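Following: one structure in structure tokens, then a few remarks.
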Amino acid sequence: MNTPNMNATLPRSHAINISAALERAAGRENAGVAEAGTEKVCIETKNLNLHYAAAQALFNVNVKIPKSRVTAFIGPSGCGKSTLLRCFNRMNDLVDICRIEGQVLLDNADIYDRSVKVALLRRRVGMVFQKPNPFPKSIFENVAYGLRIMGVNDKKALAETVERALRGAALWDEVKDRLDANGLGLSGGQQQRLVIARAIALEPEVLLLDEPCSALDPIATAKIEELLLELKNRFTIVIVTHNMQQAARVSDYTLFMHMGEAVEFNDTETLFTTPKMDRTSDYITGRFG
Amino acid sequence: MKTWIKSGEPWIWATAGGIAIALVAVLGVLWLTAARGLLHFWPAMVAETTYVEKDGSRIRLIGEIKEQEEVAVRRLIESGFKIESTDKFTTRYLLKLGNRDVHGFDFKWYPAPLLSEFTYPQDLITVERREWGNFYGHLKAVKENGQVVAEGVAALPELERRIQRASELFQKIFHIEKDEIGDLNYEMERLRLKEKKLQLQGKLDEPARTGMEKEREALNGKFGALQARLEKLRGEIGRDSLSAEVMNGQIVDVPLEKVAEAYRPNAMGLVDKVGYYFRKLYAFGTENPREANTEGGIFPAIFGTIMMVVLMSILVMPLGVIAAVYMREYAKQGPLIRIIRIAVNNLAGVPSIVYGVFGLGFFVYFLGGSIDQLFFPEALPAPTFGSPGILWASLTLAILTLPVVIVSTEEGLARVPRSLREGSLALGATKAETLWRTVLPMTSPAIMTGLILAVARAAGETAPLMLVGVVKLAPSLPLDGHFPYFHLERQFMHLGFHIYDVGFQSPNVEAARPLVYATALLLVLVIVALNLAAISLRNRLRETYRGLEGM
């Protein structure tokens, strides 16, 4: 197995990595990071291997996702970035043939532990999918869905939370007059923001986005990106993207994946300007992928 | 030619032809039943003519011309008619002569050469009787206690007035017999069962016995009073009669208590006829049958059909949906589930009479018998649920239509996109919550489609019903004013069986045939109405979950 690079990069303490990155990024305006010095870890994977029946999709992945930052997963199609993302809220459980080894820690607790209630985990780790998937219900009910499942039925509380979530997703002004309209009647970009509102209504700790803009036009994409920059103060965001420009625009940290391996993790600017691995530089310069 | 075939045009013609044939078949059925059935209610003219008997004597005929057909003269001569004619063909007429009690027959064919010209005298009356079918004749007089009170021109208005009075009395008697005495009988029976129950439990002590005796006496007192009132009304209703001259010159008295309606069809204008027509049509849909179902209305059959289908829907929906949800959502997809699925599909092909036999053996005798033993021991040996009834009929049909509902629900479940399930799960919903809040609502149009197919099949089904609850004539509806209002153990009437009964089991098939068509048309209309209701519901659901296809 050809993973020397990754092993060289990741098992070392995250903090060293970060500080090294920060030294290189000296002079950048991102004062918050500079001051923090060390980042708090939100999600950590330890020797994560994932198999779909006989085919292995993830090879010994070790990553640490920093808290309250935007982390982007990039890499060519089929490299396992979506699969890795779906490990964080146990979405892979739905696939019968999927088998997982290793650990995924959320706030230092293993989410694959027997005692973990998957439904509760998914409330803490929200997810937005590639294609907008609003429910065929009203806009209001879409956003209130998770709350109703939690057992919130108080009208006032629901209305307040729905409004806050829609404002948070920068959709409120566009839909406030038609909350009873079907969510499927919105445009693609609006639908995707509705889905984001639906997720943040539950106040999750982490928001996973699986190529959220791949089905959207550039203007809608710009809006979503703008939204992500606003949301990163409140949530830990992990975004899978095909689009390297997008990763560069929105993320603080970037993980490059290839063939099921986590090849290189670094702060975004460093990774794009001075990648350490040959595979990374080959990919970002467009030699493959 | 080859290019024409290659152009694909024959294919278009073939498909369009298929549709055309289907349309023609459907419209043909509707047209046939409508034409034959609906004309029955139009007031027919009553013709008068003379006929040459075999011995040369002439007799008078009075009746409605029901049918006419071309027939070979030779055949008529061979069968004994004395016809002198050079024509090869001639017409023969089917006359409805009525007065079954006087002549002994109702319908008869007469060849045209032996008949004189038809005339339509204005004073001929048609009397619809509650027994013995129609009566035709020249109205002569109206009598009260055997004494003539009106004759000639004055007779008809007097007759109408007195029929009105007799009808009101008849309604009163009917009400007392059916409702008030029915209520008393119901109370009596309840009392008897209560006594029996106490007896079975060994709790029938003296105070209870005297209390019940008192109640029974009170009921008997009421019953006596009703009997007296009934006696008086019966005396009153028997007061009047009409006398009329029938075709053989005899003067016949018809007591007005037997008369439902009398009118002069030959003197009626178009407006009168249209009014009469719609009145009869309405009565057909709202009244009880008379004369072994060959006359009167078919309301109990309509009611029974609809109630059975509604009950069936209520029973089959949860069963089918739950089975489909398990097979599609929870069960591990493997050979076992595949075998079950094949078995379910094959169930749809089992002949319906087999379901009837199963229903009789399992539901009626086993389940019903057990229920009787457990809950109604006081009524034994008379069965309560242990005999065919509407509940068992509905359950049998529910089993019969189960495969349809399962299959379409499964297809609906398969169509709900994975992305929506994931969306729901990602918000912290459990699988059950996802099913309940998102997947099943989105499957509802497909479930409705299954229900539509099930309703269409169930409403038209007849064979199994004969075994598990349908009867020729049910004494009371399965829904009435007595607690607990729904009497699911009762037998009921059904349009499909009614068609069979009237058309093939009736003593007077000729008279009943138009009713068969009318009933068939009504059955089709009932099915269409039930289907339209389900379809509109489905369309509303589809509207709610539109946009699904794009995902």
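Give segment B:62-86 a look and list any residue that's open to solvent by less than 40 Å² (accessible area, probe 1.4 Å), of a type outside the set (Asp, Glu) and under 35 Å from the mean Cα position of the chain (by Cα), or say none.
Pass one, segment B:62-86, residues open to solvent by less than 40 Å² (accessible area, probe 1.4 Å): B:62-64, B:71-73, B:76, B:80, B:83.
The next check asks that each one be of a type outside the set (Asp, Glu); those that pass are B:62-63, B:71-73, B:76, B:80, B:83.
Answer for segment B:62-86, where residues must be open to solvent by less than 40 Å² (accessible area, probe 1.4 Å), of a type outside the set (Asp, Glu) and under 35 Å from the mean Cα position of the chain (by Cα): B:62, B:63.
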Can you find a residue that is among the polar types (S, T, N, Q), more than 16 Å from residue B:349 (Cα to Cα), surrounded by fewer than 18 Cβ atoms within 10 Å (Cβ to Cβ) and within 12 Å of chain A (Cβ to nearest Cβ) anywhere in segment B:437-446? no
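Looking at B:479, B:525, B:495, can you tell me which residue is within 13 Å of the chain's Cα centre (by Cα), surrounded by fewer than 19 Cβ atoms within 10 Å (Cβ to Cβ) and more than 14 Å from chain A (Cβ to nearest Cβ)?
B:525
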Going through (1) closer than 30 Å to residue B:93 by Cβ; (2) open to solvent by 60 Å² or more (accessible area, probe 1.4 Å); (3) of a type in the set (Lys, Arg) one by one, residue B:129 fails only at (2)
Checking residue B:540 against (1) at pLDDT 85 or above; (2) surrounded by fewer than 14 Cβ atoms within 10 Å (Cβ to Cβ); (3) away from chain A (no Cβ under 14 Å), only one condition comes out false. Which one? (3)
Residue list for segment A:116-136, restricted to those being open to solvent by 40 Å² or more (accessible area, probe 1.4 Å), more than 8 Å from chain B (Cβ to nearest Cβ) and either of a type in the set (Lys, Arg) or in contact (Cβ under 8 Å) with a residue 60 or more places away in the chain (or both): A:117, A:124, A:130
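Could you check segment A:208-237 and list, in sequence order, the residues that are within 12 Å of chain B (Cβ to nearest Cβ) and open to solvent by less than 40 Å² (accessible area, probe 1.4 Å)? Break it down stepwise before answering.
To start, the set of residues in segment A:208-237 that are within 12 Å of chain B (Cβ to nearest Cβ) comprises A:208-210, A:215.
Correct list: A:208, A:209, A:210.
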Residue A:205 passes all but one of the listed conditions (1) within 14 Å of chain B (Cβ to nearest Cβ); (2) touching a residue at least 40 places away in the same chain (Cβ under 8 Å); (3) crowded, with 19+ Cβ neighbours inside 10 Å; the exception is number (3)
On the given criteria, is residue B:400 at the interface with another protein chain (Cβ under 9 Å from one of its Cβ atoms) and either open to solvent by less than 20 Å² (accessible area, probe 1.4 Å) or under 25 Å from the mean Cα position of the chain (by Cα) (or both)? no
Boolean, residue B:471 is under 12 Å from the mean Cα position of the chain (by Cα) and closer than 30 Å to residue B:383 by Cβ: yes
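Please specify each residue of segment A:54-105 satisfying the condition of being in contact with a strand residue (DSSP E or B) (Cβ under 8 Å, 6 or more places away or on another chain) and small (Gly, Ala, Ser).
Residues satisfying the conditions are A:57, A:68, A:72, A:75, A:80, A:82, A:102.
Is it the case that segment B:507-521 has a residue that's within 30 Å of residue A:135 (Cα to Cα), more than 14 Å from chain A (Cβ to nearest Cβ) and charged (D, E, K, R)?
The initial filter retains those residues of segment B:507-521 that are within 30 Å of residue A:135 (Cα to Cα), namely none.
No, that holds for no residue.
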Can you give me the number of residues within segment A:69-111 that are open to solvent by 20 Å² or more (accessible area, probe 1.4 Å), free of Cβ contacts under 8 Å to residues at least 24 places away in the same chain and within 14 Å of chain B (Cβ to nearest Cβ)? 2
Selection within segment B:180-212 - farther than 22 Å from residue B:382 by Cβ and under 42 Å from the mean Cα position of the chain (by Cα): B:180
Only residues that are surrounded by 14 or more Cβ atoms within 10 Å (Cβ to Cβ), over 23 Å from residue A:239 (Cα atoms) and more than 14 Å from every other protein chain (Cβ to nearest Cβ): list them for segment A:173-198, please. A:174, A:175, A:179
Would you mind stating whether residue B:124 is surrounded by 14 or more Cβ atoms within 10 Å (Cβ to Cβ) and in contact with a His (Cβ under 8 Å, 6 or more places away or on another chain)? yes
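When segment A:143-170 is examined, which residues are found to be within 20 Å of the chain's Cα centre (by Cα) and within 11 Å of chain B (Cβ to nearest Cβ)?
Residues of segment A:143-170 that are within 20 Å of the chain's Cα centre (by Cα), as a first pass: A:143, A:146, A:165-166, A:168-170.
Listed by number, the residues that qualify are A:143, A:146.
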Please determine whether any residue of segment B:151-167 is part of a strand (DSSP E or B), open to solvent by 20 Å² or more (accessible area, probe 1.4 Å) and at pLDDT below 85. yes
Residues in segment B:420-436 that are open to solvent by 20 Å² or more (accessible area, probe 1.4 Å) and more than 7 Å from every other protein chain (Cβ to nearest Cβ) total 4
Give me the pairs: first residue in segment B:23-41 and in contact (Cβ under 8 Å) with a residue 60 or more places away in the chain and open to solvent by 80 Å² or more (accessible area, probe 1.4 Å), second residue part of a helix (DSSP H, G or I) and among the charged types (D, E, K, R), beta-carbon distance under 8 Å, and six or more apart or on different chains, which are they? B:36/B:513
What residue, of B:237, B:251, is at pLDDT 80 or above, open to solvent by less than 40 Å² (accessible area, probe 1.4 Å) and either assigned by TED's automatic domain parsing to the domain that holds residue B:161 or touching a His at 6+ places or on another chain (Cβ under 6 Å) (or both)? B:237
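The values are calculated or read from the model by the stated rules, or taken from the named source; none is laboratory data. Remember, predicted model here, so these are calculated numbers, not experimental data. Don't worry about glycine lacking a Cβ; one is built from the backbone with ideal geometry, like all the others, and counts go over all protein chains shown. To get the accessible areas, we keep the full protein, side chains included, count just its heavy atoms, and leave off ligands, DNA and RNA. Shrake-Rupley method; radii C 1.70, N 1.55, O 1.52, S 1.80 Å.
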